[in-house]
1. Would you mind counting up the charge near ALA225? Only other residues with Cβ under 12 Å from its Cβ, with Lys and Arg at +1 and Asp and Glu at -1.
2. Order 71-84, 198-211 from most to least packed using the mean count of other Cβ atoms within 10 Å.
3. Starting from the Cα gyration tensor of the stretch 41-288, take the square roots of the eigenvalues, sort them a ≥ b ≥ c, and report rounded, prolate or oblate (rounded when a/c is under 1.5, otherwise prolate if a/b is larger than b/c, else oblate).
4. Sort the following peptides by mean Cβ neighbour count (other Cβ atoms within 10 Å, averaged over residues), highest first: 55-66, 275-286.
5. Please give the peptides 123-132, 109-118 ranked by average Cβ packing (other Cβ atoms within 10 Å per residue), highest first, as a rough proxy for protection.
Amino acid sequence: MTILLNTSIHLASLKPSCTFQIKVHLQCLSVLPIGTCKDTIATIAEPLTHNTYGDKEGAWMKDPTSNGNAIYVTNHYYGDTLLEFSNMETFKQGINFSLPYSWAGTGHTVYRGALYYNRAFSRDIIRFDLRLRYVAAWSTLHDAVSVGDADFPASWQGHSDIEFAADESGVWLVYPSLDEDGFHAEVITLSRLNPHNLLKERSWRTGLRRQHYGNCFMICGVLYAVDSIGHAHANVSYAFDTHTQTQMVPSLALVNNYMYTVQIEYNPKERVLYGWDNGHQVTYEVKFAY
């Protein structure tokens, strides 16, 4: 993927149309093919801090399908700018360029040369092509409980209301919805998306509730949720396996060194979790049982 430096584009006027490894600390990690799944997670290593950049809230990520070294950053939990750094060294030096657009939260992901994100304060999800600079797909989650709803006022809860995730099998979406088959209680829905048109290929109702977790991530078709963003010693306290449609309590320790981790995202190419902890960019090595 090639993007010209010092180039920016504002999306307000656009209408929707219907072995790289991080250089610092990670040299010894083996890189498996992105489609290869390993087995059960055994432990999550303590975080390694790579940089201190931006606000308390934000998100950083890499495209696991790319052969390049680019790092993508959204600073704060609301704004209209996407930053791209060519590699870790330029990230540390603060060299960047921006692609302005509207987003909210920290639950974005970059996959196959596109940014997937939730349009600010709405139920809309967007795939923005980073090479051609246009909205390549747009969809509305009609069943989502949005931060714009009167019964659920907008507030920063330490996690995004609508979150994207990427793993070995593709792009996923985690969002709150109403249980139409029960008592119309709020549930967390997990959907596997078609990465091109954003249509749902399959959805599952999980046992998660928004007020009971801080971050979540996908690994090999399993949704994992962390119980706290602010406790130094948090736990991955919930898992939902889409293969067996079963729930588990994995009880995996996860350290929040700076006690405000507002983003955790898995990179299936590098087998690490990317985290944004109180303005510090960290990674966690994921260790598998087999």
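Readers should treat all values here as calculations from the given coordinates under stated rules, not as data from a laboratory. Please read all numbers here as calculations on a predicted model, not as lab measurements. As a convention, Cβ positions derive from the backbone with ideal geometry for all residues, glycine included, and neighbour counts pool all protein chains shown.
1. On the way: positive: ARG209, ARG210; negative: GLU163, ASP227.
With Lys, Arg at +1 and Asp, Glu at -1, the net is 0.
2. On the way: 71-84: 19.9, 198-211: 14.1.
Going from most to least packed, we get 71-84, 198-211.
3. On the way: a/c = 1.42, a/b = 1.14, b/c = 1.24.
It comes out rounded by the Cα gyration axes.
4. Working: 55-66: 20.5, 275-286: 22.7.
Result, highest mean Cβ count within 10 Å first: 275-286, 55-66.
5. On the way: 123-132: 19.1, 109-118: 23.6.
The most tightly packed comes first, giving 109-118, 123-132.
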